[in-house]
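K.L.:
Next up is a structure, given as structure tokens.
The values are calculated or read from the model by the stated rules, or taken from the named source; none is laboratory data. Computed from a predicted structure; not experimentally measured. Using ideal geometry, Cβ is built from the backbone for each residue, glycine included, and neighbour counts are taken over all protein chains shown. Surface areas here come from the heavy atoms of the whole protein model, side chains and all, with no ligands, DNA or RNA. Shrake-Rupley method; radii C 1.70, N 1.55, O 1.52, S 1.80 Å.
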Amino acid sequence: MGPMGVVVPVQRPGPRAPAAPAGLALALAVDAGIGVAGDAARLVRWSSRSVVRAASPVVTVVLMPPLAGVGRWPLQRLRGYAARGRIERIAVQNAVTELVLALVPPVTDAVLDRLDLTAIVRERVDLDAVVTDVDINQIAGSLDLDAIAAGIDVDAVAARLDVAKVIDGIDLATIARQVIDAIDLPEIVRESSGAMASDTVRGVRLRTVEADEQVSRVVDRLLGRHRPRPEPT
Amino acid sequence: MTTADATNQPDAVAVPAEARSFQGGRAGMVSRSVAAVVDIAVVLISVVVIYLGIAGALLIWNPRNPHVPSLPHGAVGTAAVVLAVGYLAVAWTTSGRTVGDQIMGLRVVAGSDRRVGAGRAVVRALIVTIFPVGLLWCLVSARQRAVWDVLLRTTVVYDWSGRAVVRD
């Protein structure tokens, strides 16, 4: 373990350090303590390694006494304890894992209940940037609209339409009456059927009737007679 | 519909207002001449159609010898006269109108009667066909009568609707 990186860069002593004497002393004390602890740890590691190295033959003899049979070695008993301990440890691990797994959902729910995620997203997420990054054209291009359309059962949709009800909702009689009123059918029939009589033939007839009268008038004048014919006006 | 509507409606539709004043009056020279020209055209066209029909029938009858059939001398004239008399007589007897009369809005009536009898119609048709110049008499006639009208006591009146009441 080396000098604590967390403390040193912040409290590095220097000409610009304006710290108060009390604070400076506290920092120095902490650093010194950590340094001592580090040295002590190194000492312990070194000494324990030396002890282990020195005790190794003794431990070997104790665990595997040369005169005893292999089955009676304390090492065997130690292994048995270790195996049992390992089983216990795995059992405890599993129990803890189960406990944690069992705790996660309710804890998560409780946390989420306390949080307004929508508000958080609105506040913290730049939705415009996210939407801008989405390539809608690509998504639309990858959509197989034909397949979607083929999947729609138009007959079923049409079967669900109640056409009779729709028609019932339309007031056909009123619409028809309005259309007929707007068209003025009698006038059209009169114009189309009597078009010839009313235009060409009527004009010819009226003109010849006028000519008849003029001819009669001229003849009457030539013959010097007054017209006895009653001419209704 | 009221009674007035029932009596006025048909004439009101068929006869325009400006023509109602002379309905039932005696028709003059010009109207009758135009009607006569139309009837002459009808008869001539009928003669041509009948001749073409005969030629077509002969062609079907003898297709190996296609030719324009030559008619006996005077046959066309005789056929035209017969056709004209038949056409005029039938027209005057049935409706009182020939095609020319129909177009010009005229009708032939006998005296105060509305319909010309078959015998009188045939005689009138013969006189009209043989002596068409007799129409000119209606110029000098104070009552617009042609020669055949004087002889047979017939009258030609303006009648656009076919229901006009004849005025004397």
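K.L.:
Considering region B:113-139 alone, what residues qualify as being in contact with a strand residue (DSSP E or B) (Cβ under 9 Å, 6 or more places away or on another chain) and either open to solvent by 90 Å² or more (accessible area, probe 1.4 Å) or outside any loop (DSSP other than H, G, I, E, B) (or both)?
P.N.:
B:Arg114, B:Arg115, B:Arg120, B:Ala121, B:Arg124, B:Cys138
K.L.:
With the checklist (1) of a type outside the set (Val, Ile, Thr); (2) within 14 Å of chain A (Cβ to nearest Cβ); (3) under 22 Å from A:Val204 (Cα atoms) in hand, flag the one item B:Arg167 doesn't pass.
P.N.:
(3)
Conditions tested, residue by residue: (1) at pLDDT 90 or above; (2) closer than 30 Å to B:Leu139 by Cα; (3) among the polar types (S, T, N, Q); (4) assigned to a loop (DSSP other than H, G, I, E, B).
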{"site": "B:Asp5", "(1), (2), (3), (4)": "no, no, no, no"}
{"site": "B:Glu18", "(1), (2), (3), (4)": "no, yes, no, no"}
{"site": "B:Ala36", "(1), (2), (3), (4)": "yes, yes, no, no"}
{"site": "B:Pro69", "(1), (2), (3), (4)": "no, no, no, yes"}
{"site": "B:Ala84", "(1), (2), (3), (4)": "yes, yes, no, no"}
{"site": "B:Val90", "(1), (2), (3), (4)": "yes, yes, no, no"}
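K.L.:
If you don't mind, another one. Out of region B:32-81, which residues are open to solvent by 80 Å² or more (accessible area, probe 1.4 Å) and among the aromatic types (Phe, Trp, Tyr)?
P.N.:
The answer is B:Trp61, and nothing else.
K.L.:
For region B:44-85, give me each residue that is in contact (Cβ under 8 Å) with a residue 24 or more places away in the chain and not aliphatic (A, V, I, L, M).
P.N.:
B:Ser46, B:Tyr51
K.L.:
Going by the structure shown, is B:Ala27 modelled with pLDDT of 90 or more, over 12 Å from the mean Cα position of the chain (by Cα) and within 14 Å of chain A (Cβ to nearest Cβ)?
P.N.:
The answer is yes for B:Ala27.
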